[in-house]
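Worksheet for the structure shown next.
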Amino acid sequence: MEKRFVYADNSATTQISKPVLDAMMPWLTEGYGNASSIYSIGMDSARAILKARETVAKALGAKTSEIYFTSGGSESDNWAIKCAADVSAKKGKKHIITTVFEHHAVLHTCQYLEKEGFEVTYIPVDEMGLVHPEDIKKAIRPDTCLVSVMFANNEIGTIQPIEEIGKICREKKVWFHTDAVQAVGNVPIDVVKMNIDLLSLSGHKIHAPKGIGALYMRTGINLPNLIHGGAQERSKRAGTENVASIVGLAKAIEMATADIPGKQQRLSKMRDRIIAELLKIPESRLNGDPVRRMCGNVNISFRGIEGESLLLSLDLEGICASSGSACTSGSLDPSHVLLAIGLPHSTAHGSLRITLGDGNTEEDADYIIEKVPKIVEKLRAMSPLWERILRDEDIDAE
Amino acid sequence: MIYSEKVMEHFANPRNVGEIPDADGVGEVGNAKCGDIMKMYLKIDNGIITDVKFKTFGCGAAVATSSMATELIKGKPVEDALKLTNKAVVEALDGLPTVKLHCSVLAEQAIKAALSDYYRKQGVDPEPIVGAVPDVETACGI
Ligand SMILES: Cc1ncc(COP(=O)(O)O)c(C=O)c1O
């Protein structure tokens, strides 16, 4: 096949789509009024924000007044967790439940709170990467103030039983937060039906710009501010509104949720074809549940090779993907998600994550299927670890 | 993180990849858990490194430093190889990101390990000449 450019890292970020950009343009040019100002171009901005809020609320089954715009997923996670902890501590509730494989925006926030005197229970996940609701139920104590479980995992794409967890939390009268940054647009979300109290989302995973997101806060939950200052966002989140990005987020979420079954059908077919073909490579394994999985997520480990060199080799062929190897995780250990599902370090180092999105075609899948096996073979040919695997040595012995 | 053009060039076209079946010295450093292993093969004739080959399991920097290290010692006297430092490898590659510096250390050690093996096969105690080669199972990211 001729060389092509294949962007297959849609869980890392996405391209701003043309309709989103078009919706934003007026607010980056002549519509520059401050939404707090009283003259007409200010009020135009305020109206645009209100309309965007209605759109985002509708996409989640929420009320308009329950949506607050933020700078993205990380801020929403920090706000939900830190501020829920903060108000609860005053009532003597200082226990938080989360899972071992959350995004760092949740995990590091919880670790910070541990240093501040909170107790955090990290619920394990099974080898498929699923959280068991009964584990959450058992962990809830009278002093538990918050349960935070991600909707869909960003690395292995597993979709958690959010509705069941929500039901348990509501029964036990514990606030339930979910990081839905990856789930929005991939899975139908209804905050009422799912008993979700707090939900984080981010624009750049759904073809809106980076640096915009939202927090859904159920009516009746009145978290204190994370960002103090002006009266924006009904005095809940200070800072002159990023009108263009807010409008972009609304357009993006409207489009992303317009036909979720259609997207699932199109992408999961492509996903399953790539998985089936890549699993033909010897000593490979699929990470995460094959079915309860985001429609665009492929995560496969190839023994005997290291993820970063796999990514660089793919890049030389024009393919953008990611990995959970230590070299790409920015630490000395491979991805905490892959370790959480029980992978040995050496296997986690050899992981490849391909995340398909709206822009990908069957030709992209063909190209990936053609290139990956060749690259794996080339890297294995030069790997002293692969020699040992072929000799059946126990490479993971400590 | 940014790799220099030199690093990418050596990654894309690594020099001296492979094995030497009748090598005079073979050394291996690193481990699977940390995500990098380098294996060096040396052919030594009259004190000259006439051939060198490597195999590496690891990141882009690990491949590039192995490749560059083999280039720097091929055709050179053993004494020169003994003096090769990780710093020289890094400089020859126009620098490495700080988080990747340990790869260059690994390349230096792989050569030392192969030279130690060479001396041992000659019936010479390598320690006074090569120095101590750290244990393979050292902590990740040395
Ligand atoms: C699950 C999850 N949570 C949070 C974030 C952070 O979102 P943002 O980049 O908008 O801060 C990301 C993306 O990196 C993510 O995948």
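The values are calculated or read from the model by the stated rules, or taken from the named source; none is laboratory data. All of these numbers come straight from a predicted model, not from anything done at the bench. FYI the Cβ positions are ideal-geometry reconstructions off the backbone, even for glycines, and counts take in every protein chain you see.
Residues that are over 25 Å from residue A:219 (Cβ atoms) and not small (Gly, Ala, Ser), at least 1 per element: which helices (runs of 4 or more DSSP H) completely within region A:1-114 meet that? Step through it out loud before you land on a result.
Numbers: elements: A:18-28, A:40-60, A:73-89.
Passing ranges, in order: A:18-28, A:40-60.
Please determine, by comparing only the residues of region B:57-66 that are over 8 Å from the mean Cα position of the chain (by Cα) and not aromatic (Phe, Trp, Tyr), which one is farthest from the other protein chains (Cβ to nearest Cβ). Steps first, answer last, please.
Kept after step one, since they are over 8 Å from the mean Cα position of the chain (by Cα), are these residues of region B:57-66: B:57-64.
Going one step further and asking which of them are not aromatic (Phe, Trp, Tyr), we end up with B:58-64.
Working: B:58: 5, B:59: 4, B:60: 5, B:61: 8, B:62: 7, B:63: 6, B:64: 10 Å.
Across region B:57-66, the extreme among qualifying residues is B:64.
Filter region B:61-98 for residues that are in a helix (DSSP H, G or I) and hydroxyl-bearing (Ser, Thr, Tyr); which is surrounded by the most Cβ atoms within 10 Å (Cβ to Cβ)? Give the derivation first.
Let us first name the residues in region B:61-98 that are in a helix (DSSP H, G or I), namely B:61-73, B:78-83, B:86-92, B:98.
If we keep only those that are hydroxyl-bearing (Ser, Thr, Tyr) too, we end up with B:65-67, B:70, B:98.
Numbers: B:65: 35, B:66: 32, B:67: 24, B:70: 24, B:98: 8.
That would be B:65.
Before we move on, is residue A:11 within 16 Å of the ligand (Cβ to nearest atom), in contact with a Leu (Cβ under 6 Å, 6 or more places away or on another chain) and within 28 Å of residue A:357 (Cα to Cα)?
On the way: within 16 Å of the ligand (Cβ to nearest atom): yes; in contact with a Leu (Cβ under 6 Å, 6 or more places away or on another chain): no; within 28 Å of residue A:357 (Cα to Cα): yes.
In short, no.
Can residue B:115 be described as part of a loop (DSSP other than H, G, I, E, B), touching a residue at least 60 places away in the same chain (Cβ under 8 Å) and surrounded by 20 or more Cβ atoms within 10 Å (Cβ to Cβ)? Working first, answer last.
Details: part of a loop (DSSP other than H, G, I, E, B): no; touching a residue at least 60 places away in the same chain (Cβ under 8 Å): yes; surrounded by 20 or more Cβ atoms within 10 Å (Cβ to Cβ): yes.
Taking the combined requirement at face value, the residue does not satisfy it.
State yes or no: is residue A:287 surrounded by 15 or more Cβ atoms within 10 Å (Cβ to Cβ), in contact (Cβ under 8 Å) with a residue 60 or more places away in the chain and not β-branched (Val, Ile, Thr)? Write out each step before concluding.
On the way: surrounded by 15 or more Cβ atoms within 10 Å (Cβ to Cβ): yes; in contact (Cβ under 8 Å) with a residue 60 or more places away in the chain: yes; not β-branched (Val, Ile, Thr): yes.
Considered against the rule, which asks whether it is surrounded by 15 or more Cβ atoms within 10 Å (Cβ to Cβ), in contact (Cβ under 8 Å) with a residue 60 or more places away in the chain and not β-branched (Val, Ile, Thr), residue A:287 comes out as yes.
How many residues, within region B:91-105, are farther than 14 Å from residue B:9 by Cα and either modelled with pLDDT of 95 or more or away from chain A (no Cβ under 12 Å) (or both)? Steps first, please.
So in region B:91-105, the residues farther than 14 Å from residue B:9 by Cα come out as B:91, B:97-105.
Adding the requirement that they be either modelled with pLDDT of 95 or more or away from chain A (no Cβ under 12 Å) (or both) leaves B:91, B:101, B:104-105.
Residues flagged as farther than 14 Å from residue B:9 by Cα and either modelled with pLDDT of 95 or more or away from chain A (no Cβ under 12 Å) (or both) within region B:91-105 amount to 4.
Which residues, counting only those in region B:20-46, are more than 14 Å from residue B:117 (Cβ to Cβ), in contact with a Phe, Trp or Tyr (Cβ under 7 Å, 6 or more places away or on another chain) and of a type in the set (D, E, K, R)? Can you show your working first?
Residues of region B:20-46 that are more than 14 Å from residue B:117 (Cβ to Cβ), as a first pass: B:21, B:30-37, B:45-46.
Imposing the further condition that a residue be in contact with a Phe, Trp or Tyr (Cβ under 7 Å, 6 or more places away or on another chain) reduces the set to B:36-37.
Selection gives B:36 alone.
Search region A:324-343 for residues that are within 12 Å of chain B (Cβ to nearest Cβ) and within 14 Å of residue B:32 (Cβ to Cβ) and pair each with any residue that is at pLDDT below 85 and buried (at least 22 other Cβ atoms within 10 Å of the Cβ) when their beta-carbon atoms are under 6 Å apart and the residues are at least 6 apart or on different chains.
From region A:324-343, the pairs are A:332/A:326; A:333/A:326; A:334/A:326.
Can you name the residue in region B:33-46 that is free of Cβ contacts under 8 Å to residues at least 60 places away in the same chain and more than 13 Å from residue B:62 (Cα to Cα) and, of all such residues, is surrounded by the most Cβ atoms within 10 Å (Cβ to Cβ)? Explain how you work it out, then say what you get.
Step one: list which residues in region B:33-46 are free of Cβ contacts under 8 Å to residues at least 60 places away in the same chain, which gives B:37, B:43, B:45-46.
Filter again for more than 13 Å from residue B:62 (Cα to Cα), leaving B:43, B:45-46.
Working: B:43: 17, B:45: 9, B:46: 7.
Taking the candidates together, the pick is B:43.
Which members of region A:14-51 meet the condition of being more than 16 Å from the ligand (Cβ to nearest atom) and in contact with a strand residue (DSSP E or B) (Cβ under 8 Å, 6 or more places away or on another chain)? Please lay out each step first, then the result.
Taking region A:14-51 first, the residues more than 16 Å from the ligand (Cβ to nearest atom) are A:17-19, A:21-51.
Passing the criteria: only A:49.
Between B:6, B:43, which is at pLDDT 95 or above, more than 11 Å from the chain's Cα centre (by Cα) and assigned to a strand (DSSP E or B)? Walk me through it before giving the result.
Numbers: B:6 fails: assigned to a strand (DSSP E or B).
Checking each option against the conditions leaves just B:43.
When you go through B:87, B:76 one by one, which is the residue that is free of Cβ contacts under 8 Å to residues at least 24 places away in the same chain and either within 19 Å of residue B:113 (Cβ to Cβ) or within 13 Å of another protein chain (Cβ to nearest Cβ) (or both)?
Result: B:87 is the single residue among B:87, B:76 that is free of Cβ contacts under 8 Å to residues at least 24 places away in the same chain and either within 19 Å of residue B:113 (Cβ to Cβ) or within 13 Å of another protein chain (Cβ to nearest Cβ) (or both).
Take the residues in region A:65-92 that are within 14 Å of the ligand (Cβ to nearest atom) and aromatic (Phe, Trp, Tyr), then tell me which one is surrounded by the most Cβ atoms within 10 Å (Cβ to Cβ).
We begin by selecting, within region A:65-92, every residue within 14 Å of the ligand (Cβ to nearest atom); these are A:69-81.
Filter once more, so that each one left must be aromatic (Phe, Trp, Tyr): A:69, A:79.
Values: A:69: 28, A:79: 25.
Restricting to residues being within 14 Å of the ligand (Cβ to nearest atom) and aromatic (Phe, Trp, Tyr), the top hit is A:69.
So which of A:270, A:255 is away from the ligand (no atom under 16 Å from the Cβ), touching a Pro at 6+ places or on another chain (Cβ under 7 Å) and in contact (Cβ under 8 Å) with a residue 40 or more places away in the chain? Don't jump to the end; show me each part of the working.
Values: A:270 fails: touching a Pro at 6+ places or on another chain (Cβ under 7 Å).
The unique qualifying residue is A:255.
Go through (1) within 16 Å of the ligand (Cβ to nearest atom); (2) in a strand (DSSP E or B); (3) of a type outside the set (A, V, I, L, M) and name the single condition residue A:121 misses.
(1)
Taking only region B:46-56 into account, find how many residues are within 10 Å of chain A (Cβ to nearest Cβ) and either touching a Pro at 6+ places or on another chain (Cβ under 6 Å) or at pLDDT below 95 (or both).
Of the residues in region B:46-56, 1 are within 10 Å of chain A (Cβ to nearest Cβ) and either touching a Pro at 6+ places or on another chain (Cβ under 6 Å) or at pLDDT below 95 (or both).
Listed residues A:173, A:167, A:138; which is away from chain B (no Cβ under 14 Å), assigned to a loop (DSSP other than H, G, I, E, B) and more than 16 Å from the ligand (Cβ to nearest atom)?
Values: A:167 fails: assigned to a loop (DSSP other than H, G, I, E, B); A:138 fails: assigned to a loop (DSSP other than H, G, I, E, B).
So the residue among A:173, A:167, A:138 that is away from chain B (no Cβ under 14 Å), assigned to a loop (DSSP other than H, G, I, E, B) and more than 16 Å from the ligand (Cβ to nearest atom) is A:173.
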